[in-house]
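Scroll down for the structure; my scribbles are underneath it.
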Amino acid sequence: MEYWLPVIYVAAMGLALLIYVVLDGYDLGVGMLLPFADESEKDLMIASIGPFWDANETWIVLGVGVLLIAFPAAHGVVLTALYLPVTIMLFGLILRGVAFDLRVKAGDHRRTLWNRAFFGGSLVAALAQGWMLGSYVTGLQGGTLGLLFSALIALTLPALYLLLGSSWLLMKAEGELLEKATRWARLSLLPMGLGLLLVSIATPLVSERIADKWFSLPNLFYLVPIPLVCALAFVIMAYHLARIGRLRALPWVPFAACVAICVMASLGLAYSVFPDIVIGRMTIWEASASVASLQFTLVGVVITLPLILFYTVYVYRVFHGRVTELTYH
Amino acid sequence: MDIDPVVLARIQFAANISFHILFPAISIGLAWVLLYFRWQFTRTANRDWEHAYIFWVKVFALTFAMGVVSGITMSFQFGTNWPGFMERAGNIAGPLLGYEVLTAFFLEASFLGIMLFGKDRVSNRMHLLASFLVAFGTTLSAFWILSLNSWMQTPAGYRIEDGVFMVESWWAVIFNPSFPYRLVHMLLASLLTTAFLIAGLSALRMLRGLGGPGTRKVLKTGVLLAAVVAPLQILSGDLHGLNTLAHQPAKVAAMEAIWDTEAGAPFTLVALPDEASRSNRLAVEIPYAASLILTHRVDGEVQGLNDFAGQHPPVAPVFWAFRVMLGIGMAMLVSAWWAAAVLLRRREPGRPLLRVLSLMTFSGWLAVLAGWYVTEIGRQPWIVEGLLTVQDVAADHSSATLSGTLFGYVMLYVLLLAAYIGAVRNLSSKPAESQRTIAVGELAAVAGGA
């Protein structure tokens with residue numbers, strides 16, 4: 001138990017954050033695409049994420065929650081070190097969260113203002129999250145190289161979100177907006193791929209520890225599937241996006257390929273970091289809460305997590321299909 | 001900048017939770033009221049209830065969103081502002097917050113989507129269920145967070161190993177001595193806040209001639225709810241106070257500004273508590289009343305602040321916040337009973353009554369904030385009563401960082417509060433759906449007659 005409980009929790013945390021990146025990723029992406037659509041398209045774009053965004057954002061609360069519950073010592077260290085980017089991200093999330101409602105409820109003369117807040121909030125949140133991920137991977141050390149690396153990820157993550165957002169619209173939009181979404185997806189494909197490639201090259205350069213973990217035999221052999229699947233997903237996406245007939249017949253393929261890239265990147269990251277929780281400073285066992293507390297919460301996790309996944313899938317099924325105008329009932 | 005960073009961290013956290021609590025205070029109560037509207041419509045098929053539901057669900061969605069985003073901020077600020085608290089009390093705070101996320105947050109957030117936008121996509125029964133689950137989720141969320149807050153006020157069920165809190169009994173942790181009182185007091189506060197919000201906005205609409213028959217129904221729902229809940233709240237507050245006297249006597253001494261321990265202590269109506277001279281200036285007192293209220297005996301002994309020298313909260317803010325809460329509570333009772341007396345006799349509410357109710361629209365907010373200031377400032381200097389001080393657990397951010405982000409937060413919150421109130425007023429300045437329907441109907445009748 002002493003060994004396994006922290007492992008189970010770090011896996012749960014990783015899963016929550018992965019789900020967050022995919023789910024809030026697409027709705028942040030849609031937010032960043034908002035200025036490129038006309039007024040009625042904006043309403044449809046918001047409508048496509050309206051029923052989901054609240055629950056999507058809850059996954060980051062769960063991720064941070066697990067960090068707090070299971071690794072209280074690391075929770076303090078990580079959030080203290082990331083104080084500024086966390087605060088900036090929160091400003092972004094607050095702005096876009098309220099803009100959802102205020103853009104239609106604050107009166108027509110304020111609509112443009114809240115549309116901008118929605119775009120700005122989404123962009124700022126995505127940039128800050130990328131920056132946080134970058135700082136985390138460099139072990140919260142800072143330094144010129146570390147900062148450059150953080151900046152690189154801060155640009156790559158929004159590119160990924162843009163791709164997720166436009167892929168989401170490929171499944172949800174119709175007509176003119178669908179054409180635009182196709183263009184947006186094509187445009188964001190290359191920056192995302194380039195960013196990911198650069199991050200993959202830079203990571204072992206900024207962290208000797210990660211380089212050692214990857215470039216030794218036989219580990220390298222087992223790890224090859226990770227970049228391979230990423231490359232494959234990228235090629236499938238590019239192929240698919242270039243052929244409009246296929247894209248309309250199987251509109252979910254780019255989104256699925258994007259998710260595959262997210263899953264692979266998470267696996268790679270998890271392998272690089274494990275068993276540390278703060279790289280080079282603290283292992284999951286050193287940071288972990290007491291066994292009694294972890295067991296108490298595990299009961300809840302085991303009962304509720306499947307339920308949460310079940311009704312999340314249910315909600316997505318209820319709102320399945322191309323989006324229509326959003327109205328309250 | 002040479003302001004103490006701990007003070008800045010406290011102001012920042014206080015600003016955030018003060019902003020946050022405004023929205024759950026409405027959404028917990030409003031979720032149940034909406035369920036009532038929804039159920040009334042299903043039961044009676046009267047369109048007025050449906051219009052009431054459609055109008056208030058918009059307010060609910062906006063309120064809920066404000067609560068979510070400021071709540072996410074809180075989940076991060078526990079770590080950014082009080083890292084020591086999580087290191088020392090993480091074994092207790094972590095699981096309680098974890099259960100809140102797992103059992104409440106996902107439930108409310110997921111079914112909110114169906115409640116707001118899914119009526120045409122699911123059966124009526126499923127939609128009712130979704131509305132119920134949202135209401136249930138908001139209440140469950142209050143259950144967990146108030147359990148943690150109460151534990152910080154009246155810790156139980158723990159032992160301390162190397163300065164770290166360990167759990168002895170989860171039952172004792174969750175159902176710690178002040179929790180039942182605090183939970184009931186907060187849930188009733190939320191119902192009262194909601195009751196005055198819906199009654200107040202309905203009164204405003206009627207004053208402006210925008211109300212329809214649905215508005216009248218909502219007004220009556222709000223007034224009757226307030227008339228029933230207000231006295232219950234006073235009773236629960238009294239019991240909560242007795243519980244506080246038993247467990248946190250220094251807080252009660254600050255609430256009443258009693259400096260020396262005495263039997264037959266007077267109740268101080270107003271005064272300027274002065275910590276330098278440790279006495280009250282310009283005090284207006286009712287003899288024996290404090291002893292009577294607190295011990296339910298005329299000659300009961302009440303402990304004074306001087307028994308807790310150096311370890312009691314700042315007196316003036318607690319003393320005044322308590323009086324603001326009491327004053328608003330009394331105003332609520334009087335106005336709710338007045339309005340109920342008029343409406344129950346099926347009389348048309350006059351303009352003075354409608355004006356009073358409209359003035360009271362956000363009175364619940366003030367009472368809730370004042371009440372939280374009493375209990376939270378009243379806990380100082382402790383973060384966990386008697387065991388761990390706030391000073392011990394603060395992060396070592398620089399004053400410059402903290403004041404910079406504090407400035408940002410305050411600007412944002414002022415902007416959002418103005419936007420929220422503006423949006424609610426904007427929504428209420430539109431004519432009622434039912435009124436428009438009637439107008440169209442009349443037009444058709446005229447056209448038919450001609």
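The values are calculated or read from the model by the stated rules, or taken from the named source; none is laboratory data. Since the model is a prediction, treat every value here as computed from it, not as a measurement. Don't worry about glycine lacking a Cβ; one is built from the backbone with ideal geometry, like all the others, and counts go over all protein chains shown. Only protein heavy atoms, including side chains, enter the accessible area calculation; ligands, DNA and RNA are left aside. Shrake-Rupley method; radii C 1.70, N 1.55, O 1.52, S 1.80 Å.
Of all residues assigned to segment A:68-80, at least one qualifies as being touching a residue at least 12 places away in the same chain (Cβ under 8 Å), open to solvent by 20 Å² or more (accessible area, probe 1.4 Å) and aliphatic (A, V, I, L, M).
Restricting B:F136, B:F76 to those that are open to solvent by 20 Å² or more (accessible area, probe 1.4 Å) and either more than 8 Å from every other protein chain (Cβ to nearest Cβ) or without any contact (Cβ under 8 Å) to a residue 24 or more places away in the chain (or both) reduces the list to B:F136. For segment A:13-47, taking the residues that are at pLDDT 90 or above and of a type in the set (G, A, S), the one that is surrounded by the most Cβ atoms within 10 Å (Cβ to Cβ) is identified as A:G31. With the structure loaded, tell me whether B:F23 is assigned by TED's automatic domain parsing to the domain that holds B:L388, under 22 Å from the mean Cα position of the chain (by Cα), part of a helix (DSSP H, G or I) and buried (at least 24 other Cβ atoms within 10 Å of the Cβ) or whether it fails that test. In short, no. Of everything in segment B:271-285 that is at pLDDT below 85 and either out of contact with any strand residue (DSSP E or B) (no Cβ under 6 Å at 6 or more places or on another chain) or open to solvent by 60 Å² or more (accessible area, probe 1.4 Å) (or both), the residue that is nearest to B:V390 (Cα to Cα) is B:E275.
In the set A:G146, A:G142, only one residue is over 21 Å from A:Y20 (Cβ atoms), surrounded by 18 or more Cβ atoms within 10 Å (Cβ to Cβ), more than 14 Å from chain B (Cβ to nearest Cβ) and at pLDDT below 85; that residue is A:G146. Could you go through segment A:127-138 and let me know if any residue there is surrounded by fewer than 22 Cβ atoms within 10 Å (Cβ to Cβ) and of a type in the set (G, A, S). No, every residue in segment A:127-138 fails to be surrounded by fewer than 22 Cβ atoms within 10 Å (Cβ to Cβ) and of a type in the set (G, A, S). A Cβ distance below 7 Å, combined with a sequence gap of six or more or placement on separate chains, defines the contacts here; from segment A:34-51, residues that are among the acidic types (D, E) reach residues that are open to solvent by less than 10 Å² (accessible area, probe 1.4 Å) and assigned to a helix (DSSP H, G or I) in the pairs A:E41/A:L177. Considering segment A:229-273, and only residues there that are open to solvent by less than 60 Å² (accessible area, probe 1.4 Å) and of a type in the set (V, I, T), the residue that is nearest to A:L170 (Cα to Cα) turns out to be A:V253.
Taken over segment B:175-196, the criterion of being farther than 16 Å from B:F23 by Cα and either part of a helix (DSSP H, G or I) or polar (S, T, N, Q) (or both) is satisfied by B:N176, B:S178, B:F179, B:P180, B:Y181, B:R182, B:L183, B:V184, B:H185.
Might you check whether a residue that is in a helix (DSSP H, G or I), closer than 23 Å to A:H240 by Cβ and among the hydroxyl-bearing types (S, T, Y) occurs anywhere in segment A:145-159?
yes
Within segment A:206-223, restricting attention to residues that are without any contact (Cβ under 8 Å) to a residue 24 or more places away in the chain and among the aliphatic types (A, V, I, L, M), the residue that is surrounded by the most Cβ atoms within 10 Å (Cβ to Cβ) is A:A211.
Elements of the type helices (runs of 4 or more DSSP H) sitting completely within segment B:199-306 and holding at least 2 residues that are within 30 Å of B:W56 (Cβ to Cβ): these cover B:213-247. Selection of helices (runs of 4 or more DSSP H) fully inside segment A:192-299 by the criterion of at least 3 residues being under 23 Å from A:V78 (Cβ atoms) and of a type in the set (D, E, K, R) returns A:208-214. The residues in segment B:383-416 that are touching a residue at least 40 places away in the same chain (Cβ under 8 Å) and either touching a Leu at 6+ places or on another chain (Cβ under 7 Å) or open to solvent by 50 Å² or more (accessible area, probe 1.4 Å) (or both) can be counted, and the count is 11.
A single entry from B:G264, B:G241 fulfils the requirement of being within 23 Å of the chain's Cα centre (by Cα) and at pLDDT below 90: B:G241.
Per the listing B:A172, B:A109, B:A156, B:A93, the residue uniquely assigned to a helix (DSSP H, G or I) and more than 10 Å from every other protein chain (Cβ to nearest Cβ) is B:A172. Of all residues in segment B:115-125, one or more are within 7 Å of another protein chain (Cβ to nearest Cβ) and in a helix (DSSP H, G or I). None of A:R246, A:R209, A:R281 is under 30 Å from A:R322 (Cβ atoms) and not aliphatic (A, V, I, L, M) except A:R246. In segment A:118-126, the condition of being in contact (Cβ under 8 Å) with a residue 60 or more places away in the chain, within 10 Å of chain B (Cβ to nearest Cβ) and in a helix (DSSP H, G or I) is met by at least one residue. Checking A:I279, A:I284, A:I308, A:I226 one by one, the residue that is within 14 Å of chain B (Cβ to nearest Cβ), among the β-branched types (V, I, T) and open to solvent by less than 50 Å² (accessible area, probe 1.4 Å) is A:I308 and no other.
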